[in-house]
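Heads up, the thing below is written out as structure tokens.
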Amino acid sequence: MTKRFLTGEYNRNIPDAVKKALLFCSETAGKAGIPIFLIGGIVRDIVINQKNFDVDITVQGNAIEFAGLVRDSYPGICELRETHQPFKTAKICFNIDNEWVKTDLASTRKESYPYPGSLPEVEEIGCELYEDVIRRDFTINAMALSLNRGNFCELVDCLNGYEDLGRGIIRVLHPNSFIDDPTRIIRALKFSVRLGYKLDKKTHALMRQCLDSGRFDNFAGERVKLELKQALNLNRAECLTRFINENIYRLIDTDISHFENAGIIKKIVNEYRDFLGTEDNTWLIYLSAILENPETMENLYMSGKEQAIVLGAAALNEKKDLLINALTRFEIYEFFENSEPESILGFLAKNPGLEDKAGLYLSELRHTTLHISGDSLIDMGLRPGPDFGRLLRETLKAKVNGEISTLEEEIGFVKLKI
Ligand code: ATP
């Protein structure tokens, strides 16, 4: 194997604060004689000159003990935040020039799958690095970069990930990979779309075989959800199209609604992104185009709120004739009232012709509020009762329809209606 040092790439792509933190780890490892490596996604991204802020280190030994050594060597700079005894992993944080650098430390481990689709079982902790890399998903994610002083930045690439990165190829490590863990199918989709890479021919055939076998009864839906979320949140039409056309949806159901025009979703998301909340729920807008069955959503371990967004889009779609026939601003308001913006965009994906009305609601109508309240009606001498709701609703209707706008106009309107 040719020795390859990625010193230039490391210096270019790792931020200075992270470099300082890694130097602390390196010093500690040197003193204790422990081999440590950057591993997985961060190495892949160093090679292809992309920024990656998930600092994953694998420790050939016990990562919790190593974390303790780093903390003791750099008190005031390094804090041990979390440990997980069964897998011997730890999270440490470095205070570098008042910036926190988070670092995940894992012990090298050998794994096996008791049955297809199950979570892997740990066979050995602190094993040789080779055992740790061959449990991974793709060659491009199975590289390690030495952090030890003697060979700092030497690439450890037992499975030719470097070459595959150069050729833009995603390749599994063994024929049973997808059967062992079908979430890798969605990971393959995610990396393929995100990096613009192709699945190697054999890998593609293995994926098809796995999807055709339908062997995912014991399958961990929660992990599929996380991967699918990341894939669809890329907001790339290709992701949904391939999810459908390459039968990847079979991981979550035997059938789904087919959807031809994923490009429209991308356009809608880009256009209305500012109306969405801080949490990136783009994936739910894509899923709204293909999911209607609550059982499928359960299979995918979607939360109540996530299901409500997708079901909300389906409910709007059911009654869409009301919107088609809506003539007034208030009819549009009533149609969408209380719908989550993501549900509205999911609905719009299926009904792009109704964009003007949906856009009007999202940008303007839904923000309509009254100056007056029940208290104002009491101040006007009215007694609380069922009429209150009706009066306020009628005032809101007039306001949404643009007939009134100021406080005085609202009060005048109520007086007319009493
Ligand atoms: P991203 O840039 O999307 O975060 P990543 O490769 O860093 O990608 P993680 O999900 O953080 O993704 O996983 C870290 C590493 O763990 C991967 O690079 C891979 O080596 C390994 N890994 C993750 N998921 C699996 C899996 N399902 N099977 C095998 N190895 C996996």
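The values are calculated or read from the model by the stated rules, or taken from the named source; none is laboratory data. Predicted, not measured: the structure shown is a model, and the values here were computed from it. FYI the Cβ positions are ideal-geometry reconstructions off the backbone, even for glycines, and counts take in every protein chain you see. Just so you know, the surface numbers come from the protein's heavy atoms only, side chains and all, with ligands and any DNA or RNA stripped out. Shrake-Rupley method; radii C 1.70, N 1.55, O 1.52, S 1.80 Å.
Quick grid of which residues meet (1) assigned to a helix (DSSP H, G or I); (2) of a type in the set (Lys, Arg); (3) under 30 Å from Gly166 (Cβ atoms):
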residue	(1), (2), (3)
Arg12	yes, yes, yes
Phe24	yes, no, no
Ile42	yes, no, yes
Phe53	no, no, yes
Thr58	no, no, yes
Gly61	no, no, no
Glu65	yes, no, no
Phe87	no, no, no
Ala90	no, no, no
| query | Limited to segment 260-295, what total is found for residues that are closer than 15 Å to Leu232 by Cβ and either touching a residue at least 40 places away in the same chain (Cβ under 8 Å) or out of contact with any helix residue (DSSP H, G or I) (no Cβ under 9 Å at 6 or more places or on another chain) (or both)? | reply | 18
| Listed residues Glu222, Glu260, Glu227; which is assigned to a loop (DSSP other than H, G, I, E, B), outside the structural domain of Leu119 (by TED's automatic domain parsing) and of a type in the set (Asp, Glu)? | Glu260
| said: Here is a check on your reading of the model: is Cys93 more than 16 Å from the ligand (Cβ to nearest atom) and within 24 Å of the chain's Cα centre (by Cα)? | reply: yes
| message | Taking the conditions exactly as written (in contact with an Asp or Glu (Cβ under 7 Å, 6 or more places away or on another chain) and touching a residue at least 60 places away in the same chain (Cβ under 8 Å)), does Thr58 satisfy them or not? | response | yes
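Going by the structure shown, is Ile185 crowded, with 21+ Cβ neighbours inside 10 Å and of a type in the set (Val, Ile, Thr)?
yes
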| request: Please verify whether segment 242-252 includes one or more residues that are closer than 21 Å to Arg187 by Cβ, basic (Lys, Arg), open to solvent by 70 Å² or more (accessible area, probe 1.4 Å) and touching a Gly at 6+ places or on another chain (Cβ under 7 Å). | output: yes
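Each row is one residue, and each column tells you yes or no for (1) in the same structural domain as Lys102 (by TED's automatic domain parsing); (2) at pLDDT 95 or above; (3) in contact with a Leu (Cβ under 7 Å, 6 or more places away or on another chain).
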site: Gly30; (1), (2), (3): yes, yes, no
site: Ile39; (1), (2), (3): yes, yes, no
site: Arg44; (1), (2), (3): yes, yes, yes
site: Phe53; (1), (2), (3): yes, no, no
site: Gln60; (1), (2), (3): yes, yes, yes
site: Ile64; (1), (2), (3): yes, yes, no
site: Tyr74; (1), (2), (3): yes, yes, no
site: Cys78; (1), (2), (3): yes, yes, no
| task | Could you please let me know if Ala142 is in contact with a strand residue (DSSP E or B) (Cβ under 8 Å, 6 or more places away or on another chain) and within 13 Å of the ligand (Cβ to nearest atom)? | result | no
| request: Output yes when any residue across segment 30-50 is open to solvent by 50 Å² or more (accessible area, probe 1.4 Å) and within 11 Å of the ligand (Cβ to nearest atom), and no when none is. | output: yes
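Yes/no per residue for (1) over 29 Å from the mean Cα position of the chain (by Cα); (2) among the aliphatic types (A, V, I, L, M):
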| position | (1), (2) |
| --- | --- |
| Met302 | no, yes |
| Leu311 | no, yes |
| Ala314 | no, yes |
| Phe330 | yes, no |
| Glu337 | no, no |
| Gly346 | no, no |
| Asp356 | yes, no |
| Tyr361 | no, no |
| Leu365 | yes, yes |
| message | Need the failing condition index for Thr369 against (1) at pLDDT 90 or above; (2) β-branched (Val, Ile, Thr); (3) part of a helix (DSSP H, G or I), just the number. | response | (3)
| said: I need the full set of residues from segment 181-195 which are under 11 Å from Val224 (Cβ atoms) and hydroxyl-bearing (Ser, Thr, Tyr), in order please. | reply: Thr183
| task | Could you please find all residues in segment 192-207 being away from the ligand (no atom under 15 Å from the Cβ), assigned to a helix (DSSP H, G or I) and either under 17 Å from Phe243 (Cβ atoms) or in contact with a helix residue (DSSP H, G or I) (Cβ under 6 Å, 6 or more places away or on another chain) (or both)? | result | His204
| task | Out of Val269, Val193, report the one residue that is of a type in the set (A, V, I, L, M) and touching an Asp or Glu at 6+ places or on another chain (Cβ under 6 Å). | result | Val193
| note | Within segment 126-139, residues in a helix (DSSP H, G or I), under 28 Å from the mean Cα position of the chain (by Cα) and either over 15 Å from Ile57 (Cα atoms) or more than 16 Å from the ligand (Cβ to nearest atom) (or both) come out as Thr139
| Single residue of segment 145-169 satisfying the filter (in a loop (DSSP other than H, G, I, E, B) and in contact with an Asp or Glu (Cβ under 9 Å, 6 or more places away or on another chain)) that is nearest to the ligand (Cβ to nearest atom) | Asp157
| message | Please count how many residues of segment 63-75 are in contact (Cβ under 8 Å) with a residue 40 or more places away in the chain, more than 30 Å from the chain's Cα centre (by Cα) and either open to solvent by 10 Å² or more (accessible area, probe 1.4 Å) or over 15 Å from Thr103 (Cα atoms) (or both). | response | 3
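Conditions (1) within 19 Å of Gly8 (Cβ to Cβ); (2) assigned by TED's automatic domain parsing to the domain that holds Val47, marked per residue:
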site	(1), (2)
Ile134	no, yes
Phe138	no, yes
Ala142	no, yes
Leu147	yes, yes
Phe152	yes, yes
Val156	yes, yes
Asn160	no, yes
Glu163	yes, yes
Leu173	no, no
